[in-house]
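Enquirer: Here it is: the structure, laid out below.
Rule-based calculations on the coordinates, nothing more; no lab input. Since we're looking at a predicted model, the values are computed, not measured. All Cβ positions, glycine included, derive from the backbone under ideal geometry; neighbour counts span all protein chains shown.
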Amino acid sequence: MGVMCQILLDRTEDGVFKAGGLVTGTLKYFIDEPTQYEKISMCFLGKGQCYWSEKNNNSDNISDTTSYSNSEEYVNQTVNLYLGTNKQDLISGTFEYPFQFLLPNDIPPSFKDGTCTIRYKITVTFVKQNFLKTNNEFDVEIPVMSYVNPCSPEPLIFSLKKDLFSFKLSRTIELKGEIRKTCVAPGDNFEMTLTVNNNSNLSIFIKTELVYRVTYISSCNHKNFGGHIVKDTSTMSPIAANGVENLICVVPTLQNVYSIQHTKVMIREYRVRVTFKLPFPHINAVLEIPVTVGLRKHELLVPAVVYDQNEEESPPSYSSISTQNDNKGNEGEDFRKLEQRT
């Protein structure tokens, strides 16, 4: 039968171990017959890895692809439970050892998708003196939740302005808003107060939603991007023509939604997107507010910051009007980057 081994973790309140805290438990193993061991060790390893391939767009050869990868260690602690200094020593019986490992503060959480894995685990290895015999290895995965650093001050004041082209009158749609908290725990909501002044004869919609962006980073600093709208976070509010509306908008998060920081193999970021949904042929206006989803270790008070954006439609040429009419229904979005006001 050889070796029987159990790595028993102490239960935590929420089922995960937090960055900066202790991972504690008890190791139990049984050796059924006297055996010579070179060493018996326990290793706590936290490691992140990413890997992906990209096809060369300039090549017709399907197999002409480039592979990218990266790896990083966050914690690597080893404890020797037994060292066989005397080759004549034989050990057997039941053994029990309490253990504890300290997690660093600035580490990423456990994560896994098709491109990247961030994993923490404890491995116990029984190395036999006779190299011809197979060593025994046992491991258990450690679920880790990390703390995050806010990416935007609180509260955050923002604005979005859209100037619509008209041959007769100047028409403007303007939004001013405030988001109270730009960093919330998974499952909590982002709350915004909005004032929309629709100085036009168009009925429009204000759409709010949570979006994310994932960046995978290779060892040569080549990056692979991905992202999407977070499911079940979109809401639409109608705004009447030539009207003013005061809105309270709630953008939800989910328990499995959290920012990923403190690692060089990947980044996961979130933004609250506010969109003016305009009828054809006008182009939508979009504002994205950087936010963070995760647990904060320390609450910091920082001054408010203003984000504003002003978009103006230029008069389209007759050729462009004709093109738009030919493609009626294909609505585009006019997107500009945020700029911080100093």
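Enquirer: Tell me the Kirkwood radius of segment 3-145: reciprocal of the mean inverse pair distance over distinct alpha-carbon atoms, in Å. Display every interim value, and only then the final one.
Expert: Details: mean 1/r = 0.0563 Å⁻¹.
Result for segment 3-145 stands at 17.8 Å.
Enquirer: Let me ask another. What percent of all Cα-Cα pairs in segment 88-164 falls in each 5 Å bin, counting up from 0?
Expert: Per 5 Å bin, starting at 0, the Cα pair percentages come out as 3, 8, 11, 14, 11, 10, 10, 10, 6, 4, 3, 3, 3, 2, 2, 1, 0, 0.
Enquirer: Given the C-alpha atoms of segment 156-315, compute the convex hull and give its volume per residue in Å³. Write out the running numbers ahead of the final one.
Expert: Values: hull volume 22.2 nm³, N = 160.
With only Cα atoms used, segment 156-315 gives 139 Å³ per residue.
Enquirer: State the extension gain, in nm to one decimal, for the chain segment bounded by Y82 and S41, taking 0.36 nm per residue of separation less the distance between their alpha-carbons. Can you show the working numbers first?
Expert: On the way: separation 41, 0.36 × 41 = 14.76 nm, distance 0.69 nm.
Net length gain for the segment: 14.1 nm.
Enquirer: Run the paramagnetic zone check for L295: 7 angstrom along Cα to Cβ, then residues of segment 132-148 with backbone nitrogen under 16 Å.
Expert: 142-148
Enquirer: So if I take the centroid of the Cα atoms in segment 215-274 and the same for segment 47-113, what is the distance between those two points in Å?
Expert: After rounding, the separation between the Cα centres reads 30 Å.
Enquirer: Further question on the same structure: Give, in nm to one decimal, the length gained when the segment between E191 and N149 is fully stretched (0.36 nm per residue of separation minus the Cα-Cα distance).
Expert: Working: separation 42, 0.36 × 42 = 15.12 nm, distance 1.92 nm.
Taking E191 through N149 to full extension adds about 13.2 nm, to one decimal.
Enquirer: Here's a follow-up. With 30 Å as the limit, write out which pairs from K112/K176; K162/K231; K55/K112 have Cα-Cα distances beyond it, or answer none.
Expert: The answer is K112/K176.
Enquirer: Note down the nm distance, to one decimal, between modelled labels 7 Å out along Cα→Cβ at E73 and at D106.
Expert: Here the modelled spin labels are 1.9 nm apart.
Enquirer: Please rank H228, H262, fewest neighbouring Cβ atoms within 10 Å first, as an exposure proxy.
Expert: Placing the least packed residue first, the sequence is H228, H262.
Enquirer: Which entries in the list K18/K181; K181/K264; K181/K207; K121/K297; K28/K87 go over 21 Å, if you measure between the two C-alpha atoms of each? Don't skip to the answer; put the middle values down first.
Expert: Details: K18/K181 23 Å; K181/K264 27 Å; K181/K207 19 Å; K121/K297 23 Å; K28/K87 24 Å.
Beyond 21 Å between Cα atoms: K18/K181; K181/K264; K121/K297; K28/K87.
Enquirer: Please compute the modelled spin-label separation between R213 and D64, points set 7 Å along Cα→Cβ, answer in nm with one decimal.
Expert: Simple spin-label model gives 3.1 nm for this pair.
Enquirer: Just to verify a number: FRET efficiency for D113 and M236, C-beta to C-beta distance, R0 = 25 Å, to 0.05? Walk me through the numbers on the way to the answer.
Expert: Values: r = 30 Å, r/R0 = 1.19.
It comes to 0.25.
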